[in-house]
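First up is the structure itself, then whatever we jot down about it.
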Amino acid sequence: MMCAGRSTTVASSRGSRSGSRRAAIVVCASAVIVLAVSAVAGFVFHHPEWTGLGNARLPMAPSTAALFVWHGVALALLSKGGEGRRIRWLVYGMAAVASVVASVLLVLAAAGIRPRLEHLGMAIEGQVRGIPIGHISPVTAGGFLLASIALGLVVRAARSHGPLAAVAKAISGILIAAALVFVLAYGYGKPLMHEGGFIPPALNTSLAFVALGAGLLLVSVRGTDHAAIPLSSTRKSGAYAAGYLLFAVGIIVSGSNYQRGVTSQYRSKLESELASISELKISEIALWREERLGDGSLFLDNWPFAEVVEDCIGNPNDDAAKERLREWLYKERQSYGYDRVFVWDTQGAEVAAEPEHAEASESHLLALLPSILRGHDVSLMDFHREESNDAIRLSVLVPLYSVRRPGQPLGLLVLRIDPEKALYPILRRWPTPTRSAETLLVRRDGEDVLYLNDLRFHPGAAMSLRIGLAREEVPAVQGVLGRTGILEGVDYKGSEVVAYAGPVEGTPWTVVTRMDSAELFGPLAERMWLFVLLVSSLLLTSGSAVALIWRNQRVRFFREQAMVAEELRVSREDLQQRNEELTRFTYAVSHDLKSPLVTIQTFAGYLDEDIGQGDSESIRKDLDFIRGAAGKMSTLLDELLELSRVGRIKNPDEEFPLQDAVNDAQRLVAGRIAASGVSVGVTDEPIVLRGDRVRIVEVFQNLIDNAVKFMGDQEEPHIEVGFEESNGEIVLLVRDNGIGIDPRHISKIFGLFEKLDARTEGTGMGLALVRRIVEIHRGRIWAESAGPGQGTCIRFTLAGTRIATRKRS
Amino acid sequence: MTTGESPLVVLLVEDDDAHAEIARRSLVRIPSAKRLIRLQDGQAALDYLLGSNFAEPDHPRPDLILLDMRLPKVSGLEVLRGMQGEPALDSIPVAILTTSAAEVDVMKAYREGAGGFLVKPLNVEKLAKLMDEVGLSRRARSGHSDGPTRSK
């Protein structure tokens with residue numbers, strides 16, 4: 001009954017369901033179109049944040065946007081459902097055009113050919129993270145190819161929902177899944193494909209594909225939706241969808257939170273590593289400088305050395321003094337490995353040098369000379385290029401003063417350093433193996449940053465690479481401008497880096513340690529990949545699980561419905577059968593009851609005449625006929641009443657042995673049995689019957705009575721009551737060796753008032769009654785006879801019949 | 001109705017003895033010469049009708065069949081059906097005897113080739129009229145087709 005009640009909701013719910021799906025398709029189509037149009041509007045009105053859903057995001061290419069609008073419109077055309085031929089052909093054509101365009105774009109994009117035509121006449125230049133903008137990604141083009149194929153299939157499958165619709169559904173699912181992976185990657189801050197050679201799909205492109213895929217899925221599902229769905233099931237579907245959505249949002253949000261936590265943890269760990277390495281470098285450089293200045297200060301106010309120098313200057317021919325001075329210089333050079341150690345007089349003329357080869361005096365050093373001599377202090381001459389050979393050098397400058405004439409400047413000691421040998425190795429050292437990390441030494445030079453050392457990815461940068469201070473995204477610029485600590489930006493080679501900048505005290509130098517973000521976050525990106533895959537597979541699995549459950553429910557519903565329909569059909573057939581039976585019954589009753597009436601009426605008339613004629617013989621005959629008819633009528637009415645009682649008045653079920661029932665029946669027809677000399681045999685198997693005992697006795701009574709009646713002139717009349725087992729069912733039987741039945745008439749014997757022999761007594765109701773009782777006991781009854789003279793066997797079943805287990809065993 | 005003619009043979013198929021007696025008494029009241037053969041069930045009727053060429057004197061071809069509808073074994077309708085397609089039986093008029101002129105019966109019987117109805121209790125005038133018609137048609141037929149060979 002519950003099912004029947006549910007099915008009544010079918011008709012009313014159908015409209016609302018298709019209505020909500022139609023609305024969903026329109027929403028999907030609108031989302032696709034809005035995303036595309038807003039991207040194009042961004043290009044037209046120069047709002048980069050519209051083109052890629054946010055600043056510094058890769059924008060959707062105009063060609064991509066155009067294809068999205070195309071597909072969105074096609075989708076919207078299909079939203080109505082049950083559209084006409086013309087619309088379907090139109091959409092089919094659109095799908096065909098789209099698939100051709102997408103194929104061409106796919107080939108071009110895969111080959112790296114980027115036609116300007118894709119910009120649709122707009123002026124689009126530039127790159128985002130090194131990716132040229134305004135061109136379709138091969139992934140996107142492939143997505144459009146799939147989408148257009150699905151669109152075409154959906155239109156073709158609009159009538160015949162079969163494999164075509166299934167393929168369309170599969171394609172839509174793939175589109176959604178793939179686009180979701182890209183969206184997720186964007187959401188987790190690690191966009192996919194941004195490092196490869198191909199252009200990746202933009203965020204809004206991925207989002208639009210999710211909407212497009214969902215729309216296509218909704219349209220393709222329609223084909224299978226011809227069967228009506230009850231409102232309750234629709235609500236359940238809604239609940240499933242909402243539950244899954246909630247679950248998905250939960251997974252994505254908690255995933256992104258977790259990922260953010262992991263990222264920041266990882267990041268701060270790496271940053272502190274970077275910072276400590278950087279600080280180490282800074283202190284190393286500062287220490288190195290201190291040591292060099294210390295080397296110099298050994299000679300400042302060094303009397304023995306000053307004396308030797310004074311001797312040499314005072315008497316240029318004093319070879320002994322010169323030898324001693326060179327001894328000093330030689331030792332000093334050897335002690336640290338200076339490039340060249342030499343002494344000048346106050347005029348800048350070289351007094352002595354180690355190594356001894358002559359070199360032209362550097363004019364800039366000459367210019368510095370007077371101030372140095374006045375300064376009374378050791379100083380470091382910063383990186384500079386030698387005029388003679390363009391080599392990069394630093395020098396420790398020590399002013400020398402006369403011993404004999406105190407305070408009088410004597411000359412200058414220069415400890416010249418080749419940074420390639422002395423300083424750069426310190427910078428190049430890195431505590432861990434790395435692909436991209438390096439330390440830069442820079443200083444401000446006018447409005448530029450001047451790189452002081454050679455760079456890993458820019459040999460020959462030392463003293464030649466300059467970057468304008470305006471380019472503040474470069475960490476070196478930021479460092480020179482006074483920012484210290486962790487910096488992010490794009491470095492000299494154009495790659496994203498994380499850097500640490502710090503000044504070296506007492507110098508114009510800034511140390512910048514930098515590492516490519518790619519390397520720094522490489523391991524993280526790998527984990528992110530795994531994480532995105534994990535989350536998306538989790539979403540997909542749970543999604544398919546929900547879909548499976550939902551589908552199962554629907555299948556169960558339809559199965560139930562089919563079962564209900566089948567039951568209904570069976571009961572309708574049953575009803576029809578009963579109806580026919582009733583008609584036959586009424587017909588038979590009216591005929592058979594009327595028949596004795598006619599007799600009585602007619603013979604009453606004859607009686608009248610015969611009384612008038614005084615024919616006593618005829619009068620007696622007439623009265624006999626009248627009496628006979630009245631008696632027949634009375635019997636008929638009794639039996640009809642009896643028949644109507646069966647099923648209407650029912651005694652409680654009980655279990656009793658077959659033998660008891662047969663004995664009771666025999667007792668009831670004992671007179672007739674005795675008169676005809678029939679022997680009755682009963683099986684002695686412990687068969688137990690179950691049901692209305694009075695009725696079941698009636699069955700045996702009628703069957704035995706019948707058998708006796710149709711015994712004919714059998715010499716050894718015998719009736720046997722037994723049983724058979726057939727297919728696990730106990731079939732009871734009453735067999736006689738009487739006149740038998742012509743097989744042609746065998747089907748009639750259980751009919752109401754059917755008599756096979758006009759001469760026999762009875763109304764023909766007995767077997768009809770038997771059949772009724774058997775049916776009431778959920779059984780079947782049928783007759784078998786090899787033919788006239790071959791005896792008859794009536795077989796029947798009664799529900800609940802069993803063989804009792806013998807007590808002995 | 002000259003006496004020189006052979007009596008009309010009426011085949012009565014009726015299981016109920018009382019009704020058979022009624023039919024017999026009704027026929028007695030009709031003055032024409034006739035011979036009544038009674039059979040008790042449909043099977044017997046079919047056996048009678050299909051089983052011979054009516055050559056034997058005690059198995060004559062009936063001129064009229066009075067057929068009860070409700071008969072044991074084989075019903076009146078089944079007898080009609082069995083007679084159909086038998087050219088020898090085509091011209092024998094069949095009158096259905098029934099306790100009710102229910103439409104269903106009438107329709108079915110006509111479809112199976114019944115020639116008329118007699119609703120029980122039998123009306124003697126109607127039966128007489130039917131007998132007259134049967135006698136007339138027999139005379140017409142024997143005068144026409146069979147000629148003198150058939151007439152004794």
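Could you tally the net charge around A:Arg405, taking each other residue with its Cβ under 13 Å from the Cβ of A:Arg405, Lys/Arg +1 and Asp/Glu -1? Display every interim value, and only then the final one.
Working: positive: A:Arg404; negative: A:Glu307, A:Glu310.
With Lys, Arg at +1 and Asp, Glu at -1, the neighbours total -1.
For a quick protection proxy, order the peptides A:456-464, A:609-617, A:496-504 by their average other-Cβ count within 10 Å, most packed first.
Numbers: A:456-464: 15.0, A:609-617: 11.4, A:496-504: 22.1.
Going from most to least packed, we get A:496-504, A:456-464, A:609-617.
Count the net charge of all other residues whose Cβ sits under 13 Å from the Cβ of A:Asn737, scoring Lys and Arg as +1 and Asp and Glu as -1. All intermediate terms of the calculation are to be shown ahead of the outcome.
Working: positive: A:Arg735; negative: A:Asp713, A:Glu715, A:Glu716, A:Glu720, A:Asp736.
Counting the neighbours of A:Asn737, the net charge comes to -4.
What percent do you get for the relative contact order of chain A when only Cα pairs under 8 Å and 6+ apart count? Don't jump to the answer; show the numbers that get you there.
Details: 1234 pairs, mean separation 59.6, N = 809.
Relative contact order of chain A: 7 percent.
Ignoring everything except DSSP H segments at least 4 long, calculate the 222 nm mean residue ellipticity for the protein assembly as shown; use -39,500 (n - 2.57) per segment, divide by total residues, nearest 500. Mind showing how you got there, number by number?
On the way: 27 runs with 504 residues, N = 961.
-18000 deg cm²/dmol, from helical runs alone.
Roughly how many whole Å is it from the C-alpha centroid of the range A:66-80 to that of the range A:548-588?
What the calculation gives is 45 Å, centre to centre.
Using the beta-carbon distance between A:Lys269 and A:Asp319 and R0 = 51 Å, what value does 1/(1 + (r/R0)^6) give for FRET efficiency, to the nearest 0.05? The partial results should precede the final answer.
Values: r = 65 Å, r/R0 = 1.27.
Calculated value: 0.20.
Quick check on the exposure proxy: order A:Asp448, B:Asp16, A:Asp660, A:Asp390 from fewest to most C-beta atoms within 10 angstrom. Mind showing how you got there, number by number?
Working: A:Asp448 18, B:Asp16 25, A:Asp660 15, A:Asp390 8.
Sorted ascending by nearby Cβ count, the order is A:Asp390, A:Asp660, A:Asp448, B:Asp16.
Any idea what the alpha-carbon Rg over 2.2 N^0.38 Å comes to for the range B:1-128? Don't skip to the end; give the middle numbers.
Working: Rg = 13.9 Å, N = 128, 2.2 N^0.38 = 13.9 Å.
Computed over Cα atoms of the range B:1-128, the ratio equals 1.00.
Tell me which GluC sites (Glu not before Pro) from the range A:672-756 have a DSSP coil assignment and no more than 12 other beta carbons within 10 Å of their own.
Values: sites: A:Glu698, A:Glu715, A:Glu720, A:Glu724, A:Glu725, A:Glu729, A:Glu754; in loops: A:Glu715, A:Glu754.
Passing sites in the range A:672-756 are A:Glu715.
What's log10 of I(q)/I(0) for the range B:31-92 at q = 0.16, 0.23 Å⁻¹, Debye sum over Cα points only, no solvent?
-0.51, -1.03
So, in nm, how far is label A:Glu350 from label A:His458 when the simple model puts each one 7 Å beyond its Cα toward the Cβ?
In this crude spin-label approximation the distance works out to 3.4 nm.
Quick one: grab the alpha carbon gyration tensor of the range A:637-680, order the square roots of its eigenvalues as a ≥ b ≥ c, and give me rounded if a/c is under 1.5, else prolate or oblate depending on whether a/b is larger than b/c. It would help to have the intermediate numbers written out before the result.
Numbers: a/c = 4.48, a/b = 1.37, b/c = 3.26.
The shape class here is oblate.
Just tell me, in residue order, which DSSP H segments of chain A are both 30 angstrom or longer along the helix axis (alpha-carbon based) and at least 1.0 in mean Kyte-Doolittle hydropathy.
On the way: long enough: A:10-44 (50 Å, 1.18); A:85-110 (37 Å, 1.53); A:163-187 (35 Å, 2.00); A:231-297 (96 Å, -0.15); A:522-613 (134 Å, -0.06); A:616-645 (43 Å, -0.23).
Qualifying helices: A:10-44, A:85-110, A:163-187.
For peptide B:72-80, what's the mean number of Cβ atoms from other chains within 10 Å of each residue's Cβ? Walk me through the intermediate numbers first.
Numbers: counts 11, 11, 5, 2, 0, 0, 1, 0, 0.
Averaged over the peptide's residues, the number is 3.
In Å, what Rg and Dmax follow from the Cα atoms of the range A:494-538?
17.3, 58
Per residue Cα convex hull volume for the range A:291-408, in cubic angstrom?
On the way: hull volume 12.0 nm³, N = 118.
Taking only Cα atoms, the range A:291-408 has a hull volume of 102 Å³ per residue.
Count charges around A:Ala29 for me, please; just the other residues with Cβ under 12 Å from its Cβ, Lys/Arg as +1, Asp/Glu as -1.
With Lys, Arg at +1 and Asp, Glu at -1, the neighbours total +2.
For A:Asn727 and A:Leu637 in the same chain, what is the full-extension length gain: residue separation times 0.36 nm, less their Cα-Cα distance, in nm? Intermediate values should be presented prior to the final figure.
Working: separation 90, 0.36 × 90 = 32.40 nm, distance 4.02 nm.
Using 0.36 nm per residue and subtracting the Cα-Cα distance, I get 28.4 nm.
Hey, fewest Cβ within 10 Å first, where do A:Trp89, A:Trp430, A:Trp70, A:Trp328 land in order? Numbers along the way, then the final one.
Working: A:Trp89 11, A:Trp430 15, A:Trp70 23, A:Trp328 20.
Ranking A:Trp89, A:Trp430, A:Trp70, A:Trp328 by Cβ neighbours within 10 Å, fewest first, gives A:Trp89, A:Trp430, A:Trp328, A:Trp70.
Report the calculated FRET efficiency for A:Arg428 and A:Leu246 (r = Cβ-Cβ distance, R0 = 51 Å), to the nearest 0.05. Please list the in-between numbers first.
Values: r = 55 Å, r/R0 = 1.08.
Approximately 0.40, to the nearest 0.05.
Shape call for the range A:29-97 from the C-alpha gyration tensor, a ≥ b ≥ c root eigenvalues: rounded (a/c under 1.5), prolate (a/b greater than b/c) or oblate?
It comes out prolate by the Cα gyration axes.
Compute from the Cα atoms of the range A:541-583 the Rg and the Dmax, the latter being the longest Cα-Cα distance, and quote both in angstrom.
In Å, with Rg to one decimal and Dmax whole: 18.3, 62.
Hey, any idea what the orientation-averaged projected area of the convex hull of the range A:509-568's Cα atoms comes to, in nm²?
5.1
Return the Rg/Rh value of chain A, two decimal places, where both radii are evaluated on C-alpha atoms and Rh is the Kirkwood radius.
Values: Rg = 56.3 Å, Rh = 38.9 Å.
In chain A, Rg relative to Rh is 1.45.
Please report how far the C-alpha centroid of the range B:1-74 lies from that of the range A:414-467, rounded to the nearest whole angstrom.
139
With a cut-off of 8 Å between alpha carbons and a minimum separation of six or more residues, what is the relative contact order of the range A:300-361 in percent?
Working: 60 pairs, mean separation 14.7, N = 62.
Result for the range A:300-361 is 24 percent.
Can you sort B:Arg70, A:Arg21, A:Arg559, A:Arg393 so the residue with the fewest Cβ neighbours within 10 Å comes first?
Working: B:Arg70 24, A:Arg21 18, A:Arg559 10, A:Arg393 21.
Fewest-to-most ranking of B:Arg70, A:Arg21, A:Arg559, A:Arg393: A:Arg559, A:Arg21, A:Arg393, B:Arg70.
Can you order the peptides A:518-529, A:26-37, A:543-554 by their average number of other Cβ atoms within 10 Å per residue, highest first?
On the way: A:518-529: 16.3, A:26-37: 20.7, A:543-554: 13.6.
In descending order of packing, they fall as A:26-37, A:518-529, A:543-554.
Over what distance in Å are the Cα centres of the range A:602-643 and the range A:486-511 separated?
For the range A:602-643 versus the range A:486-511, the Cα centre distance is 134 Å.
Read the figures in this text as sums done on the coordinates, not as results from a lab. Since this is a predicted model, take the numbers as computed values, not measurements. All Cβ positions, even for glycine, are placed from backbone atoms using ideal geometry, and neighbour counts span all protein chains on display.
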